[in-house]
Amino acid sequence: MVAPSEAPEDLARFIELINADRLFERELPNLDDEVDAAMGDPQTAPFSTLRGLWTRVCGEIAGTLSAETRSFLGPEAALRQFQERYRSLKVARQAILGIARSYRNDTSKHARSSADLIVRGEWLSEDVPFQVGVGLVVSASGQLAISEDAILNALVGVRADRIRSCAICGRIFWAARVNSECCGEVCRKTYNQRNSRRNRQRGRMRNPPAGFIAQDAGVKPTEPYSDGAFHYLDRASGVLKPLAV
Ligand SMILES: [Zn+2]
């Protein structure tokens, strides 16, 4: 199974919006709650229509968001479209973060190839924790049909294990390579420096006899070491070697 080097366009768009507003570390406010709060707030300037209040609240929220997200949501005057896209973004955020966390929480991921994990059904065998509402439309022939859903269109069929959050900054990224843990060059350098520092510290703290288990030392076994066997770092040669058990 070969994953494309870039995320499919629709998914890339959602990832871009999540990163633009740092939604990987905060939730978008709930529109209904914000409108309720504005209605109950004596400081709220008088409003003549409920629609007027909704538009104003949506405009205030849009004002706190990035230009990318505002252009995705469209003008708040087109209230219904704004509300639908806002809810899509909230659900997409929940789904994409859930998928990325499933990858990060899976401690066995370094031991085997990702294709192996999927075939064995050991990863994401549980439901991704989100639900989408399915819209029904009446087709031209009068039959009920499922309406287009932006999030399902963006997600169904893509490689789940390539949707990841950066080990350093938390941004969501598409992993072009199976062993990518970082969103880009800068974070990758920090990640490598941290790992090598940790390895040196551990090396000083302990004086392992013949060898030690590679994973324990923070040495990440990559694809060539994906046979499920433990490896140790041979300190004399600096090479990972299989550990005879
Ligand atoms: Zn990063």
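Annotations
- Some residue of the stretch 124-140 being exposed (fewer than 12 other Cβ atoms within 10 Å of the Cβ) and modelled with pLDDT of 85 or more: no
- Filter result (touching a residue at least 40 places away in the same chain (Cβ under 8 Å) and within 16 Å of the ligand (Cβ to nearest atom)) within the stretch 131-166: 162, 163, 164, 165
Listed here are the residues, each with its yes/no results for (1) among the β-branched types (Val, Ile, Thr); (2) farther than 28 Å from residue 88 by Cβ.
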| site | (1), (2) |
| --- | --- |
| 157 | no, no |
| 160 | no, no |
| 163 | yes, no |
| 168 | yes, yes |
| 173 | no, no |
| 176 | no, no |
| 179 | no, yes |
| 184 | no, no |
| 192 | no, yes |
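- Here the condition is being assigned to a helix (DSSP H, G or I), under 17 Å from residue 165 (Cβ atoms) and within 27 Å of the chain's Cα centre (by Cα); of 70, 93, it holds for 93 alone.
- Against the numbered list (1) within 30 Å of residue 175 (Cβ to Cβ); (2) surrounded by 17 or more Cβ atoms within 10 Å (Cβ to Cβ), residue 6 comes up short only at (2).
- Residue check, residue 32 surrounded by fewer than 12 Cβ atoms within 10 Å (Cβ to Cβ), assigned to a helix (DSSP H, G or I) and modelled with pLDDT under 95: yes
The values are calculated or read from the model by the stated rules, or taken from the named source; none is laboratory data. Quantities reported herein were computed from a predicted structural model and do not represent experimental measurements. Cβ sites come from the backbone with ideal geometry, for glycine too, and all protein chains shown count toward neighbours.
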